[in-house]
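A.B. asks: Here it is, the structure in full.
The values are calculated or read from the model by the stated rules, or taken from the named source; none is laboratory data. Predicted model only: the values in this text are computed from it and were never measured. Here the Cβ positions follow ideal geometry from the backbone for every residue, glycine too, while neighbour counts run over all protein chains shown.
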């Protein structure tokens, strides 16, 4: 199966982590995920499951449509 990358997804993940004011470890702990999940080497070139995207958005209070590149405007 060919991987499809969402353009700008990695950058929006990084922006969200910075804006959240939380560390990667703190976010993944609240998500109930491995600390390695949000490490740059893991995000780039790998797909996050819908479950982890949903949890990431909930923990960081991020609009999933923006994170996935479906809208250009970031809701707060």
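A.B. asks: Kindly list, by first and then second residue, each pair from a residue in the range 38-61 that is more than 14 Å from residue 28 (Cα to Cα) to a residue that is assigned to a helix (DSSP H, G or I) and at pLDDT below 95, limited to pairs with Cβ atoms under 7 Å and residues at least 6 apart or on different chains.
C.D. replies: That search, which allows pairs on different chains as well, returns 44/10.
A.B. asks: A further question on this structure: Based on this model, can you work out whether residue 20 counts as surrounded by 11 or more Cβ atoms within 10 Å (Cβ to Cβ) and either over 23 Å from residue 74 (Cα atoms) or at pLDDT below 95 (or both)? First the steps, then the outcome.
C.D. replies: Numbers: surrounded by 11 or more Cβ atoms within 10 Å (Cβ to Cβ): yes; either over 23 Å from residue 74 (Cα atoms) or at pLDDT below 95 (or both): no.
Against the criterion (surrounded by 11 or more Cβ atoms within 10 Å (Cβ to Cβ) and either over 23 Å from residue 74 (Cα atoms) or at pLDDT below 95 (or both)), residue 20 does not qualify.
A.B. asks: Of the residues 50, 33, 58, which single one is surrounded by fewer than 14 Cβ atoms within 10 Å (Cβ to Cβ) and either at pLDDT below 95 or on the phi > 0 side of the Ramachandran plot (or both)? Explain how you work it out, then say what you get.
C.D. replies: Details: 33 fails: surrounded by fewer than 14 Cβ atoms within 10 Å (Cβ to Cβ); 58 fails: either at pLDDT below 95 or on the phi > 0 side of the Ramachandran plot (or both).
Going through 50, 33, 58 in turn, just one is surrounded by fewer than 14 Cβ atoms within 10 Å (Cβ to Cβ) and either at pLDDT below 95 or on the phi > 0 side of the Ramachandran plot (or both): 50.
A.B. asks: What number of residues within the range 54-70 satisfy the criterion of being under 11 Å from residue 9 (Cα atoms) and not in a helix (DSSP H, G or I)?
C.D. replies: 3
A.B. asks: Of all residues in the range 36-47 being part of a helix (DSSP H, G or I) and at pLDDT 80 or above, which is farthest from residue 74 (Cα to Cα)?
C.D. replies: Here the residue is 36.
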